[in-house]
Amino acid sequence: MTDVKNLEDIFQAKIDAEQKIEPKDWMPDAYRKNLIRQISQHAHSEVVGMLPEGNWITRAPSLKRKAILLAKVQDEAGHGLYLYSAVETMGVSREQTIDDLLSGKAKYSSIFNYPTLTWADIGAIGWLVDGAAIMNQVMLCRTSYGPYARAMVRICKEESFHQRQGYEIMAVLAKGTPGQKEMAQDALNRWWWPSLMMFGPTDANSPHSAQSMKWKIKRQSNDELRQIFIDRTVQQAEVIGLTIPDPDLKWNEETKHYDWGTIDWTEFNNVVAGNGPCNKERLAARNKAHNEGAWVREAAVAYAAKKAKRKAA
Amino acid sequence: MIVPNTMEQSALFTYTLRLADDLLILSQRLGEWCGHGPILEEDIALTNRALDHLGEARNLLTYAGQVEGKGRSEDDLAYLRMERQFTNVKLMEQPNGDYAHTMVRSFLFDAYHLPLMQALQKSTDEQLAAIAGKAVKEATYHLRASSEWIIRFGDGTEESHQRAQAALDNLWTYTGELFESDAVLEEMTKAGVAPEIAAIKANWSKTVDQVLAEATLKRPADGFMMTGGRKGLHSEHMGFILAEMQHVTRAYPGVAW
């Protein structure tokens, strides 16, 4: 016991000294488990997130927008790859991680259980969903686990590009015809609250947060990040003439932040529990792709084995 | 010389549009795969392929619009033409099917597209030569990647072999159209704008034979070959491709996106 205690002290001292934890370093089981859960959820979110956006590739209203969207969804797939690799550094294979997604055991960001109904939703996702994700991800560039932090640096660069592209889609729609502006406002109305939910439960209801902060996996609380996001986004909406769907939203001169309404946590819990508008479709789509791709993966493995055998002969 | 010049311009417009439509429609089909690929790496590769084809199509459409001289943009040409005005070969509009069909379709196209782009670099039309110069690098990579999959499928498992052979047998009837000639192509070839199509076909045929041999797949016999795409006579799939691709743009006419 003394040994483990010593190891834990050394581990915590490293973290307190802002040194990165690397795959071969000793780490508490709980730290490892926590990170495997968090990074794999993040990886799944990137991959499942390809579905609502991919939904509009064939229907993008201009060739330029189609090209940008293709490139964006391709970036998300790339992020999924880095993150599955980061999970592998913790000793869990990609197959195992993906199986947990397909069986419904692992979670992914609930935001992707909402449908993309109009073209403006592609703008709203880039602006709000990527915007909210960036808040978390910028913080994670300094997370204590080295491979995760380094993956995040790369991901953040691309995500901030996506956020600007999404905002630009909304800006063009907002200054377009009344029909286009209506489409943009409707998308903002539908995506605003789910985007705020992306930051997770309030600090008072976030049981893992304190430990994550001590381990410097997280460095800012859910509520802090949510507030920064709101303050920034309200101003961005004003610039393009769209209205945030929150009657309680009001600048507070004293706190220098916006006061805002209340999140519908019943809806949040419902979607997390699997009852969102698209939970079933998303998981079904991932399973279908995986099952229908089985023979392709088997063929690749079989051919590689044959080739290796011939080379050896 | 105004009259012949105009005639050549019209042929150049049609020729450029054909090159563009093949790529645009194939890209549209490949885009359907995004998020549904058999493995994450392939999802990325397919999307990349779709993106490359789309990029080349956009350059060609923009140029076609300039040649035509009626002020039509790439988007006007992509979103505001009807089925009968699209000039892609029918191979491109065939449904994705299983991954073998998707890869065989791309392979049959890539083996044609690469030598075409290589030859087009020497086109007397500077713009087409420049577009081809840019496309050659990508086309080289596409052909390498699709050839590798055909070989993996053919020489992989029994199932993959059967699927690849079935795809080849199903799609072979659409390959004749790639090498059809007509007055437009003859005029463009005479002017040195387009390469000799027979030479492209010989090159294609050689690549196909090499790859199929390594894949242990059987080259189907040249039976009946489908035709009509270049004249805007498409399969029933085409209307649905365009309905999906064009509906938002057509619902909000004349706006910026």
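So A:Arg219 ticks every box in (1) within 14 Å of chain B (Cβ to nearest Cβ); (2) over 30 Å from A:Gly54 (Cβ atoms); (3) in contact (Cβ under 8 Å) with a residue 12 or more places away in the chain; (4) not acidic (Asp, Glu) but one. Which box is left unticked? The failed condition is (1).
A search for C-beta distances below 7 Å between a residue of region A:125-140 that is at negative phi and touching a residue at least 24 places away in the same chain (Cβ under 8 Å) and any residue that is surrounded by fewer than 20 Cβ atoms within 10 Å (Cβ to Cβ) and of a type in the set (Val, Ile, Thr), counting only pairs 6+ apart in sequence or on different chains, returns A:Met135/A:Ile228.
Answer yes or no as to whether B:Phe179 is farther than 26 Å from B:Asn48 by Cα and crowded, with 16+ Cβ neighbours inside 10 Å. Lay out the reasoning, then the answer.
Working: farther than 26 Å from B:Asn48 by Cα: yes; crowded, with 16+ Cβ neighbours inside 10 Å: yes.
Yes; evaluated as a whole, the condition is true for this residue.
For region A:272-295, a residue qualifies if it is part of a loop (DSSP other than H, G, I, E, B) and facing chain B (nearest Cβ under 10 Å), and exactly one does: A:Gly293. Going through (1) away from chain A (no Cβ under 14 Å); (2) at pLDDT 95 or above one by one, B:Met7 falls short only on (2).
All but one of (1) part of a helix (DSSP H, G or I); (2) surrounded by fewer than 20 Cβ atoms within 10 Å (Cβ to Cβ); (3) among the basic types (Lys, Arg) hold for A:Lys24; state the number of the condition that does not hold. Of the numbered conditions (1) part of a helix (DSSP H, G or I); (2) surrounded by fewer than 20 Cβ atoms within 10 Å (Cβ to Cβ); (3) among the basic types (Lys, Arg), the odd one out for A:Lys24 is (1).
Per-residue answers, yes or no, for (1) outside any helix (DSSP H, G or I); (2) farther than 22 Å from A:Leu225 by Cβ; (3) of a type in the set (A, V, I, L, M):
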{"residue": "A:Asp99", "(1), (2), (3)": "no, yes, no"}
{"residue": "A:Gly104", "(1), (2), (3)": "yes, yes, no"}
{"residue": "A:Tyr108", "(1), (2), (3)": "yes, no, no"}
{"residue": "A:Ile122", "(1), (2), (3)": "no, yes, yes"}
{"residue": "A:Met135", "(1), (2), (3)": "no, no, yes"}
{"residue": "A:Met139", "(1), (2), (3)": "no, no, yes"}
{"residue": "A:Met152", "(1), (2), (3)": "no, no, yes"}
{"residue": "A:Gln163", "(1), (2), (3)": "no, no, no"}
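With respect to the conditions (1) under 27 Å from A:Val271 (Cβ atoms); (2) surrounded by fewer than 20 Cβ atoms within 10 Å (Cβ to Cβ); (3) at the interface with chain B (Cβ under 8 Å from one of its Cβ atoms), A:Val73 lacks only one, and its number is (2).
Of the residues making up region B:132-155, those that are within 13 Å of chain A (Cβ to nearest Cβ) and β-branched (Val, Ile, Thr) number 2.
Mind checking which residues of region B:78-91 are under 16 Å from the mean Cα position of the chain (by Cα) and either without any contact (Cβ under 8 Å) to a residue 40 or more places away in the chain or within 14 Å of chain A (Cβ to nearest Cβ) (or both)? B:Ala78 - this is the single residue of region B:78-91 that is under 16 Å from the mean Cα position of the chain (by Cα) and either without any contact (Cβ under 8 Å) to a residue 40 or more places away in the chain or within 14 Å of chain A (Cβ to nearest Cβ) (or both). Close Cβ contacts (under 7 Å, 6 or more residues apart or on different chains) running from residues in region B:159-179 that are β-branched (Val, Ile, Thr) to residues that are assigned to a helix (DSSP H, G or I) and buried (at least 17 other Cβ atoms within 10 Å of the Cβ) comprise B:Thr175/B:Leu91; B:Thr175/B:Leu108.
Given the condition in contact with a helix residue (DSSP H, G or I) (Cβ under 9 Å, 6 or more places away or on another chain) and over 25 Å from A:Leu51 (Cβ atoms), answer yes or no: does some residue in region B:32-43 qualify? Steps first, answer last, please.
The first filter runs over region B:32-43 and keeps only residues in contact with a helix residue (DSSP H, G or I) (Cβ under 9 Å, 6 or more places away or on another chain), leaving B:32-43.
Add one more test, that the residue is over 25 Å from A:Leu51 (Cβ atoms), and what stays is none.
No.
Considering only region A:40-79, state which residues are of a type outside the set (S, T, N, Q), under 19 Å from B:Leu242 (Cβ atoms) and touching a residue at least 24 places away in the same chain (Cβ under 8 Å). Correct list: A:Trp56, A:Arg59, A:Ala60, A:Pro61, A:Arg65, A:Leu69.
May I ask you to verify whether A:Lys14 is without any contact (Cβ under 8 Å) to a residue 24 or more places away in the chain, over 30 Å from B:Leu61 (Cα atoms), outside any helix (DSSP H, G or I) and away from chain B (no Cβ under 14 Å)?
Values: without any contact (Cβ under 8 Å) to a residue 24 or more places away in the chain: yes; over 30 Å from B:Leu61 (Cα atoms): yes; outside any helix (DSSP H, G or I): no; away from chain B (no Cβ under 14 Å): yes.
Criteria not met by A:Lys14.
The values are calculated or read from the model by the stated rules, or taken from the named source; none is laboratory data. These numbers were taken from a predicted model, which means no experiment stands behind them. When we count neighbours, we look across all protein chains shown, and the Cβ atoms used for this are built from the backbone with ideal geometry, even at glycine.
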